[in-house]
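Below: one structure, written as structure tokens.
Where a number appears in this text, it was derived from the coordinates with a stated rule and is not lab data. This structure is a prediction, so every number in the text was calculated from the model and none was measured. Here the Cβ is made from the backbone with ideal geometry for all residues, glycine too, and neighbour counts use every protein chain on show.
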Amino acid sequence: MDTKKEVPLTTRRLYGLNLRFLRKKHWGPGKTMGHADLSAVLHDRGFTVSRHALKSYEQGQAFPALDVAQAIADIYGTNVKAMLTGADEGKGLAK
């Protein structure tokens with residue numbers, strides 16, 4: 001029996017929109033965090049996530065493992081639920 005559940009497409013797309021928004025906003029004034037930069041930060045925290053995987057998360061083609069999703073949320077000072085629902089309006093997340 002397969003216990004792995006598929007994340008719905010609309011949820012993956014919303015997560016991806018919010019990930020892209022946070023990645024582009026977070027690095028500092030006039031700078032954006034690239035996929036390689038985020039991949040390196042995740043690597044420093046013990047996660048191996050390729051630039052290609054990050055791009056697929058942003059495009060809604062895939063969803064990260066929950067521990068990776070939590071690490072990404074931690075980097076941006078938010079939480080996974082907010083990235084999935086847009087509930088952290090202070091960050092400018094999409095709903």
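Tabulated data
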read-out: Rg/Rh (Cα only; Kirkwood hydrodynamic radius) as it applies to segment 9-86; value: 0.92
read-out: Calculated on alpha-carbon atoms, Rg and Dmax of segment 34-78 in Å; value: 9.6, 25
read-out: In segment 1-81, lysine pairs closer than 29 Å at Cα, eight or more apart or cross-chain; value: 11
read-out: Among Thr78, Leu9, Gly46 the positive-end extreme of the charge dipole of segment 9-86 (Cβ point charges); value: Leu9
read-out: Net charge over other residues, Cβ less than 10 angstrom from the Cβ of Met33 (K, R count +1; D, E count -1); value: +3
